[in-house]
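Since every read-out is calculated from the coordinates, none of them should be taken as a lab result. All values derive from a computational prediction rather than experimental measurement. For neighbour counting, all protein chains shown are included, and Cβ atoms are generated from backbone atoms with ideal geometry for every residue, glycine included.
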Amino acid sequence: MKIIRYQNQTDEIKYGILKSSKIFELQGDLFDDFSAGPAVAELKNVKLLAPIMPPNIIAIGLNYRQHALETGAQIPERPVIFIKATSSITNPDSEIILPKLAPDEVDFEAELAVIISRPAKNIETVEVSDYILGYTCANDVSARDCQKKLDKQWARGKSFDTFCPLGPWIETELDGMNCEIKSILNGKVMQKSNTSDLIFNIEQLVSYLSHNMTLLPGTVILTGTPEGVGFAREKQVFLTAGDEIEIKIAGIGSLKNKVVSETN
């Protein structure tokens with residue numbers, strides 16, 4: 001099932017269930033019992049929004065083996081946790097804005113995002129599937145100069161406005177442990193891997209996080225990025241105005257965003 005969040009022609013923001021090109025009304029509670037009601041719109045006639053506005057965005061660093069190796073980092077003994085500001089969320093097909101304060105080393109990171117369905121605290125790995133609403137594509141956009149040189153920590157460099165594109169929808173039927181994942185910059189594949197390369201798999205991540213903090217309904221967990229990011233390349237590649245960056249995950253779909261410079 002594909003759950004979408006969209007803006008209709010009267011500017012109302014709604015949740016729906018997408019079947020082929022038709023949107024059906026989501027009846028009930030997204031975080032409890034819901035079902036598909038009558039058809040209400042065609043996909044082409046609405047604006048797709050980020051499929052969730054989360055209470056928290058919890059992200060995991062260095063969680064693909066090959067990515068850890070390309071950065072020269074040791075394989076972590078436990079998940080490396082950081083937080084992105086919820087104000088960094090942006091929509092499919094919206095613009096990623098290169099911030100005036102740090103426009104020169106903005107990087108892309110293809111990630112599988114997990115959406116939590118109900119409060120999770122101190123749950124075990126065997127329980128995790130009961131707490132997952134579904135999955136979507138994410139781009140953990142990162143200002144590397146802030147992260148690595150100016151601030152030497154991750155909060156600001158990960159949290160500029162538009163630095164967390166999400167979408168295009170929440171897929172509820174997915175094997176998150178075995179998905180091909182790619183980032184494609186201006187038509188060129190930059191990252192290509194599979195979630196089977198995760199150091200800590202989804203069950204381990206959700207359980208571990210729940211023992212550190214309560215995971216509220218709608219929480220987005222970014223599970224890490226594979227090898228091929230711009231800063232780790234022999235010839236570094238960063239986003240520039242005019243670029244198009246696409247995150248593609250098998251079984252979900254494609255998340256595309258154009259890149260522009262901040263003007264205001």
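Tabulated values for the structure
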item	result
Length added when fully stretched, E95-S261, from 0.36 nm per residue minus Cα-Cα	58.8 nm
Among 138-144, 126-132, the order from most to least packed when residues are scored by Cβ within 10 Å on average	138-144, 126-132
Cα Rg, Dmax, the chain, angstrom units	17.7, 53
Percentage of interatomic Cα-Cα distances in the stretch 1-49 larger than 12 Å	56
Local electrostatic count, V259, Cβ distance below 10 Å [Lys/Arg +1, Asp/Glu -1]	-2
Reachable lysines, given that their alpha-carbon falls under 23 Å from the alpha-carbon of K235 and they are not under 8 places away in the same chain	K148, K149, K152, K158, K182, K188, K192, K258
Paramagnetic reach from D29 in the stretch 120-134 [backbone N under 16 Å; point 7 Å along Cα→Cβ]	120, 131-133
Using distinct alpha-carbon pairs, which all enter the 1/r mean, Kirkwood radius of the stretch 1-112 in Å	17.2
Net charge of neighbours whose Cβ lies under 14 Å from the Cβ of L69, counting Lys and Arg as +1 and Asp and Glu as -1	-1
Sparsely packed trypsin sites (Lys or Arg not before Pro) within the stretch 168-244, loop by DSSP, other Cβ within 10 Å at most 10	K235
The stretch 224-253: GluC sites (Glu not before Pro) in DSSP coil with no more than 13 other Cβ atoms inside 10 Å	E234
Eligible aspartates and glutamates near K19 by straight Cα distance, threshold 15 Å, same-chain separation 8 or greater	E42, E171, E173
Cα gyration tensor of the stretch 85-205 - equivalent ellipsoid semi-axes, whole Å, descending	27, 17, 15
Nearest-20 debye value, the stretch 1-49 charge dipole, Cβ charges on Lys, Arg, Asp, Glu	340
Computed lengthening from D175 to A39, 0.36 nm per intervening residue step minus Cα-Cα distance	46.2 nm
Charge context of E244, other residues only, Cβ under 15 angstrom, K/R +1, D/E -1	+1
